[in-house]
1. For GLU390 and ALA17 in one chain, what is 0.36 nm times their gap in residues minus the Cα-Cα distance, to one decimal in nm?
2. Determine the per residue accessible area of the range 729-823 with all protein chains present and a 1.4 angstrom probe, expressed in square angstrom.
3. Return the subset of LYS683/LYS844; LYS118/LYS681; LYS679/LYS801; LYS203/LYS330; LYS679/LYS814; LYS572/LYS779 for which the Cα-Cα distance in this structure is over 32 Å, preserving the input order.
4. Taking the Cα-to-Cβ direction at ASP326 and at LEU220 and moving 7 Å from each Cα, how far apart do the two end points lie in nm?
5. Please report Rg (one decimal) and Dmax (integer) in Å for the Cα set of the range 574-629.
6. Can you give the accessible area of PHE53 in Å² (nearest 10), computed on protein heavy atoms with a 1.4 Å probe?
7. Greater than 20 Å separation of Cα atoms is the criterion. Which listed pairs, LYS434/LYS811; LYS608/LYS749; LYS749/LYS799; LYS484/LYS783; LYS484/LYS811, meet it?
8. Could you put ASP317, ASP446 in order of accessible surface area, largest first, with the 1.4 Å probe and the full protein assembly present?
Amino acid sequence: MALEELLCYDHFKKLLANPSDYGYGGTINEMRRKEFSRIEDMTYLDHVGTTLFPQSLLEQFMSDLSRNVYGNPHSQNICSRLTHDTIEHVRYRILQQFNTTADHYNVIFTSGSTDGLKLVAEAFPWTSAHSEECSSSFCFLTDNHTSVIGMRGVTKLLNVSSIPVTPEELVLLESQASVAENQNHGVSHLFCYPALSNFSGTKYPLTWIEKIQSRKMLLLNKPGRWFVLLDAASYVSTSPLDLSMYQPDFVTISFYKIFGFPTGLGALLISNRIGHLLRKHYFGGGTAAAYLSGEDFYIPRGSIVERFEDGTVSFLDIIALKHGFDLLEKLTGGIKNIRNHTHTLANYTYSVLSALCYANGQHAIHIYSDTEVRTLDVQGPVINFNVLDENGAIIGYSQVDKMASLYNIHFRTGCFCNAGACQRHLGMSNADIKNNLQAGHVCGDDIDLIDGRPTGSIRISFGFMSTFEDARVFLKFIIDSFIKQPSLSTTEINVKSALTDNELSQLEYSARPIVNFPNKNATEDAKPQDGYITTNVSTTGDVCLCKTREMLSLEKNGKKITLSHIYLYPIKSCASFQVSQWPVVEQGLLFDRNWMIVNENGVCLSQKQEPNLCLICPSIDLNRNTMIIEAKGMTAIEIPLKDDSKLTTRLCQNKVCGDRVNTYDCGEKVTEWLSHFLKRKCKLIRQSSSFNRYAHTKRKGFSDVPLASLSLVNEAQYLLVNRASVFHLNQQMALRGETEMKSTEELIKRFRANLIIDGSIPFEEEEWADVFIGCLHFKVSGKCTRCQIICIDQQTGEKSKELFQTLSFCKDGKTTFGMYLLNSSCSSYPALLETGSPLLFALKEEAKTAGQSEEL
């Protein structure tokens with residue numbers, strides 16, 4: 001079947017077992033238009049992370065709050081009684097949702113599912129191994145969220161054994177079912193498993209609950225009574241849970257996964273069979289029937305709910321749940337309809353992904369699943385996978401994520417706080433996890449491949465408002481970005497007509513269409529030869545040292561590498577300011593990224609969220625000691641360069657690349673100017689001159705480099721880009737048929753570098769360890785990993801995908817381009833950097849070794 005046919009609605013309909021399963025009787029598109037207009041052209045596929053709230057939920061909730069006065073439920077006045085009664089009604093609605101009553105379960109409100117799990121760990125009637133009786137055991141499925149695994153931190157303190165059980169072991173136990181004898185009800189054991197794996201979407205059998213409780217599935221050959229804790233947080237958002245049929249002793253849920261709002265609110269459902277056995281040590285507001293402050297005397301309240309809800313519950317958020325249940329029923333007709341709807345989308349997406357292959361027959365997608373059967377009872381609306389290249393190698397998930405953002409597609413990557421499932425599906429041993437940690441990878445970062453092996457994967461998940469169009473857009477992204485990648489053929493492409501004379505000479509000098517990046521096995525043209533410094537270089541920054549080595553920057557054609565352009569960016573993420581010479585200070589270029597624009601919550605704005613930032617043009621007038629800010633259609637505004645950080649009334653703190661920085665507000669005048677131009681509330685802030693922030697050079701292994709002071713840059717003081725590398729990438733876009741040859745100058749500006757050099761060999765800068773420009777010595781601190789900002793035309797603010805896609809394609813899924821530099825030494829600051837200055841460099845040790853071996 002042709003790829004286009006796979007993406008059509010008719011093919012989707014053919015896969016439906018029942019046409020009425022999708023779309024809630026044809027109302028889905030109207031629901032999206034009315035309730036989720038804020039999504040616009042976004043494709044949101046992270047519903048296991050959190051679903052999205054409908055607009056009417058907020059409107060009804062706010063209308064309720066505006067009509068009624070809700071007091072603290074612990075008081076006895078009329079307003080407080082209204083709050084108390086409303087909360088009790090919500091408890092009833094929760095029990096009703098899960099087809100049970102207060103005769104069987106109690107609802108305890110928590111801050112989320114994690115808080116509920118922690119409460120069980122602390123209150124469960126454990127029997128310590130120090131006791132003369134048989135000790136308790138805590139068993140858990142390895143495919144559990146970290147919040148469950150973390151419970152063993154509590155059990156360890158109590159000297160209770162924690163025993164992981166794999167899904168395969170559980171299935172085997174189920175097949176060997178038999179009733180064990182010699183039960184000892186004086187000892188309690190606990191088993192915890194997820195109703196739905198947040199990693200793969202596997203639905204584990206709810207029949208396990210009764211079998212474990214009755215010891216038909218014997219986890220351990222120990223006497224005692226088994227209780228079951230069901231983590232239902234991911235399950236109940238798209239599947240019905242019938243507690244009249246399946247009766248775990250504990251159930252944890254998080255409401256934002258069901259409604260999208262409110263967040264920070266969950267519930268622990270406790271069976272009345274075990275409630276009286278739970279232990280409570282801490283007592284806080286509202287949980288004590290009586291206590292004395294001067295004597296160890298405390299009597300807990302009678303009911304389970306009153307005993308375990310410490311302090312005042314989040315009563316306004318609880319009231320929002322009532323509107324959530326009402327609205328979800330109105331929009332969808334109930335949880336069973338949601339299950340059917342989301343299943344059709346996941347099943348269709350799975351079938352297309354499974355069928356995608358490259359021209360050589362290699363599958364493009366590796367799906368991590370426990371079964372190929374995708375029925376309602378065994379699989380939730382979750383698909384976990386990695387993308388493969390034509391040779392079967394995995395493309396890193398962070399690179400796929402960056403590509404997806406160009407299509408405004410949002411999903412989740414990594415291990416999803418589920419190390420057990422991640423290890424099992426990706427084939428990682430315990431040693432692999434520890435080795436990855438030593439290599440610098442931690443949970444939640446973007447290190448997606450180590451030694452070619454994945455550290456995580458990609459997860460998409462559907463929610464009650466997801467549509468066929470969401471699935472289609474996602475699948476089209478996968479096909480367009482990976483399956484339909486044009487190969488670099490010998491087809492003649494007329495690129496010369498778009499080149500300047502200087503670029504033509506570069507093309508002729510390269511003597512070949514470059515299709516691969518230089519490496520240890522590079523061609524003769526890319527090999528270190530005459531003109532490369534291959535000896536150790538002094539770091540004294542001595543002027544005479546630079547002059548004596550100047551001739552070593554000559555290339556084979558006699559052309560020197562020189563500094564061709566200097567750019568600074570006074571306001572972070574705004575337009576560049578080009579100069580021919582400029583002072584260098586301890587933080588880098590004087591006034592480079594000293595200011596940034598933040599939203600009304602104090603969060604830094606970048607072109608990722610606000611592309612029109614590139615249209616704001618700041619310039620520095622050193623003679624008048626001002627910064628001038630200009631934009632089309634706006635009257636220019638001036639900001640004094642004098643540091644006003646001593647005006648303590650405007651001091652504030654903000655974050656840049658994970659670091660907290662001290663800043664100060666630049667005033668209402670510029671706030672109004674920026675808010676008017678960007679059409680959103682924002683303000684200009686400046687880093688305080690009394691605050692010091694440093695590059696993480698020690699962490700990166702530069703122990704010989706002094707602490708490098710940073711402005712509001714992300715990682716380093718300077719970014720260097722080689723003009724030859726930009727030209728090469730431009731050439732590749734044309735060769736791939738992505739677009740016509742663009743202006744190299746326009747592409748250079750997209751990379752937002754400080755220093756542009758006129759090199760002749762693309763990507764030679766990636767082999768440098770030290771750089772000398774004039775009398776300044778810089779240490780190369782690493783490659784710059786590019787984000788989606790390079791897709792923004794810096795003259796217009798318009799977005800296009802080709803540059804990022806070509807960079808990823810040419811670098812085997814990586815998106816590094818340009819080199820970070822740090823000040824290494826200087827006789828004194830400020831120093832002067834000038835365009836036209838010759839550039840010298842020292843190779844990395846490994847590059848020297850590679851060059852020497854090739855010469856031999």
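1. Gain on extension, GLU390 to ALA17, equals 130.9 nm.
2. In whole numbers, the range 729-823 has 27 Å² accessible per residue.
3. Distance filter (> 32 Å) returns LYS683/LYS844; LYS118/LYS681; LYS679/LYS814.
4. Distance between the two pseudo-spin positions: 4.8 nm.
5. In Å, with Rg to one decimal and Dmax whole: 12.9, 37.
6. Near enough 50 Å² of accessible area.
7. Among LYS434/LYS811; LYS608/LYS749; LYS749/LYS799; LYS484/LYS783; LYS484/LYS811, the Cα-Cα distance tops 20 Å for LYS434/LYS811; LYS484/LYS783.
8. Result, largest first: ASP446, ASP317.
The values are calculated or read from the model by the stated rules, or taken from the named source; none is laboratory data. As the structure is a computational prediction, the values presented were derived from the model and not from experiment. As a convention, Cβ positions derive from the backbone with ideal geometry for all residues, glycine included, and neighbour counts pool all protein chains shown. Only protein heavy atoms, including side chains, enter the accessible area calculation; ligands, DNA and RNA are left aside. Shrake-Rupley method; radii C 1.70, N 1.55, O 1.52, S 1.80 Å.
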